[in-house]
Amino acid sequence: MNTTATPAAVTRARAAANVLYFVTAVFFFGYLFFYYWTSEGGPARLALALVPVSFILFTLDELRKGELYPGLPPAASFVTGAAYVLAAAVVAVYMFVEYVEIGTVRAGIWNAADLAIGSLMVVLILEYTRRRHLVLFVLNAVLILYAVYGSVVPGMFFHPGLTWERIASAMSVEMSTGVFSNLPQLALTLIGSFIMVLAALRAFGCVDSILRASKKIAVRSPHALPQSAVLGSMAVGTVSGSGAANAITVGSATIPAMIGAGMPRPIASAIETASSLGGQLMPPVMGISAFLMAEFMGRSYFDVVARGYAPAILYYVGVSVSVYLLSTRHRARLGTVVVERMRWTDWMNMAAFAAVVGGLVAVMAVLHLAPMFAALYVFLGVGGVLVLVHAIVTARSPGRSWRGLGATLGRFVDYFAEMTADLTLLLATLSIMTGALVITGVPTKVGSLLIEAAGVNLAAMVLVAFFFGALLGTGLPPAPTYIITALVIVPPMIKVGVDPWVVHFFAFFVAVWGEVTPPTSVSAAVTSKIAETSFMHTLYHAILICVGLFILMAGVFTRPELVIEPGAAQIGAMLLILVAMVGVTFSLQARFAGNSAIDALLRIVLAGFALVVLLHPDRGLAIAACVPVALYVGYWLRRRRDAPEPERGGTR
């Protein structure tokens, strides 16, 4: 190939890939919207058709951006991409046409064509994994080899080994495990319907309006500026369910503002990291793991949401208190910040945002609609109003072009297709991992170790489970961490009498905690990049700020009412955990005396009282221990009020 003659051809090829991407994205959205409206064909057939289409979208997106094998000559990259698209299209057509035969007539006795086409999809998914999630690719490869050659593994993890044919069927056409199983079905159905709502909010600028509104709280006080990161992430988290998404959208505004006002770079980065982390906890659109929890427990997603508000609020209160203490410590350096003026469109977008959050909760709680239909109806209502308002504004403004509305709708389709397709491929990847674990019996074997730990006591079992999940979190994103942790710890813990809600929420918190453990903290990587500071310094300070996660992990066992059933008992447990969280946060971040030795002693005593509130089984004693914690906080507030106000740094 003559590389000197390629620039114009490469540009045309990328343009063609972009057109094909949008055509495929429109088809993808239309197919899913029709399914959300009718549920025709069921989730299994939907996955058989759209998992391959998701891979086509991924490939075309890489081609149009020039990111598919950039080390190869452009022509080779496009030829490879075309081959991938053709292969995935063959899989989609074959699986869709042969769905009934594969699932009924040939179930258990699949022919060579079934296994070959199914294996082709597995190979394509693994290639996606190799490019996007190398750690997961290595783990899946190891698990597949272990499934085949388990006979050479000594000790308790020995098994006779499975044939390659058995591996191929388990990873594809069986549909109970593998790339067409419940997890990618969940991504396309329930999670996809919520992504549709989020994509509409992003496309119409609602997220940008949230950021402008969150910065307005910083006008009156420099202490309020860091809180804008907390409130902004909490607001965006209600519809994003992603720590990384929060870090990118909110952090791009709040981190420079905090640094410009005088906050040290690692602290500013850490505040946004800890705040963004809560995006995976905050209902009504929690992280992927929350949807998986509903699936694993066989309960409605609203059941998870109803129980998820209390831990999420507790987490954000803990972060807010920690951030307040940090801003007090650095108040001498904090100036003021200039905020953008809120336009009428921002207020309209804020109203749309409030309507989405309130509508999702109301439709699920009051009308008892399934979450997928709730998301669909909220999307139709709020999205229809947004389109109508923008159309009226365009029609009444002679200087405005209809292309603006078209570009907004194009962004919506782009956002929806990219997010949903990538999530579908990720969960298909996790299904390979889950299938390999299940067919080799690994969860049962690791669970036996937990049963042995429970022979000592439940606390020992919880510690073993935490270290197991934390170890997974150092190399895996939250969703696979939750899946593996839940598969391993849920059966043995339930067997010794722990409530299923408690175990699953514990696994959920451990998975979220994995987002701030190196080397997989995407949120910290994003915020440290924005702040131009050390990744490890960011993580260190972020761990101190989000210590509330540890409190929640312990609290679900000592105060299980927090998650077992919404109601008055949940509020009581929430208040006790809140006092413990505030006490622990003050013991880590506050200063009670000028002498360092006395200050350390006072903080140790405070931590002791807070742990009594959190851990002691006698509720009366726990309530009594709240009094000294409150006295500590009151003393600190009085001491701070009487301290002279230092001069502030430069203003902006």
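The values are calculated or read from the model by the stated rules, or taken from the named source; none is laboratory data. Please read these numbers as outputs of a predicted model, since none were measured by experiment. We place every Cβ from the backbone using ideal geometry, glycine too, and count neighbours over all the protein chains shown. For accessibility, only protein heavy atoms count, side chains too; no ligands or nucleic acids. Shrake-Rupley method; radii C 1.70, N 1.55, O 1.52, S 1.80 Å.
How many nm separate the modelled label positions at residue 529 and residue 402, each set 7 Å beyond the Cα in the direction of the Cβ?
Taking the two extended label points, one gets 3.9 nm.
Probe 1.4 Å, all protein chains in place: accessible area of residue 132 in Å², nearest 10?
About 90 Å², rounded to the nearest 10.
Compute the distance in nm between two label points, each set 7 Å from the Cα along the Cα-to-Cβ direction, one at residue 166 and one at residue 393.
6.1
For residue 90 and residue 345, compute 0.36 nm times the residue count separating them, minus their Cα-Cα distance, and round to one decimal in nm. Could you put the intermediate results ahead of the total?
On the way: separation 255, 0.36 × 255 = 91.80 nm, distance 4.56 nm.
Length gained, residue 90 through residue 345: 87.2 nm.
Note the angle between two axes, namely the Cα long axis of helix 265-277 and the longest principal axis of the Cα atoms of the chain, as a number of degrees from 0 to 90, rounded to the nearest 10.
60
Label residue 149 and residue 27 with points 7 Å out from Cα along Cα→Cβ: what is the distance between them in nm?
Simple spin-label model gives 4.0 nm for this pair.
Quantify how much of the Cα-Cα distance distribution of the range 486-640 extends past 18 Å, in percent. It would help to have the intermediate numbers written out before the result.
On the way: 7821 of 11935 pairs.
Roughly 66 percent, once rounded to a whole number.
Using the Karplus curve 6.51 cos²θ - 1.76 cosθ + 1.60 with θ = phi - 60°, what ³J(HN,Hα) values do you get for each residue of the range 40-55, in whole Hz, with x for Gly and Pro?
5, x, x, x, 5, 5, 4, 5, 4, 7, 9, 4, x, 5, 4, 5
Report the FRET efficiency, 1/(1 + (r/R0)^6), for residue 355 and residue 565, where r is their Cβ-Cβ distance and R0 is 30 Å, rounded to 0.05.
Computed FRET efficiency for residue 355 and residue 565: 0.55.
Using the alpha-carbon atoms, what tilt in degrees (0 to 90, nearest 10) does helix 568-589 show relative to the longest principal axis of the chain?
Roughly 70 degrees between the two axes.
Tell me, what is the per residue accessible area of the chain in Å², probe radius 1.4 Å? Write out the running numbers ahead of the final one.
Working: 25950 Å² over 652 residues.
Solvent-accessible surface per residue comes out at 40 Å².
How much of the accessible area of the chain, in percent, comes from carbon and sulfur atoms when a 1.4 Å probe is used?
On the way: 17850 of 25950 Å².
Its accessible area is 69 percent carbon and sulfur atoms.
Using r as the Cβ-Cβ distance of residue 618 and residue 109, and R0 as 60 Å, what FRET efficiency do you calculate, to the nearest 0.05? Don't skip to the end; give the middle numbers.
Values: r = 61 Å, r/R0 = 1.02.
Efficiency, from the Cβ-Cβ distance: 0.45.
Working out 0.36 nm times the residue gap between residue 329 and residue 300, then minus their Cα-Cα distance, what length gain in nm do you get to one decimal? Walk me through the numbers on the way to the answer.
Details: separation 29, 0.36 × 29 = 10.44 nm, distance 4.44 nm.
Result: 6.0 nm gained on full extension.
Ordering 50, 120 from largest to smallest accessible area (1.4 angstrom probe), what's the sequence?
Ranking 50, 120 by accessible area, largest first, yields 120, 50.
Once ligands and nucleic acids are excluded and a 1.4 Å probe is used, how much of residue 134 is accessible, expressed in Å² to the nearest 10?
Approximately 100 Å² of residue 134 is accessible to the 1.4 Å probe.
Tell me, how many Å apart are the Cα centres for the range 543-562 and for the range 69-132?
A separation of 44 Å, based on Cα centres.
Taking a 1.4 Å probe, which of 109, 494 shows the most accessible area, and what order do the others take after it? The partial results should precede the final answer.
Working: 109 125, 494 70 Å².
Listed by decreasing accessible area, they come as 109, 494.
Helix 500-513 against the longest principal axis of the chain: what's the angle in degrees, Cα atoms only, rounded to the nearest 10?
90
Full-extension gain between residue 83 and residue 97, please, as 0.36 nm times their residue separation minus the C-alpha to C-alpha distance. Each step should come with its number before you reach the end.
On the way: separation 14, 0.36 × 14 = 5.04 nm, distance 2.12 nm.
Gain in length upon complete extension: 2.9 nm.
Taking a quarter of the surface of the convex hull around the Cα atoms of the range 256-322, what do you get in nm²? Before the final figure, lay out the partial values.
On the way: hull surface 20.4 nm².
The Cα convex hull of the range 256-322, projected and averaged over all directions, gives 5.1 nm².
Quickly estimate the mean residue ellipticity at 222 nm for the chain, helices only: each DSSP H run with n ≥ 4 gives -39500 (n - 2.57), and the total goes over all residues, rounded to 500.
On the way: 29 runs with 487 residues, N = 652.
Only helices count here, giving -25000 deg cm²/dmol.
Probe 1.4 Å, all protein chains in place: accessible area of residue 638 in Å², nearest 10?
140
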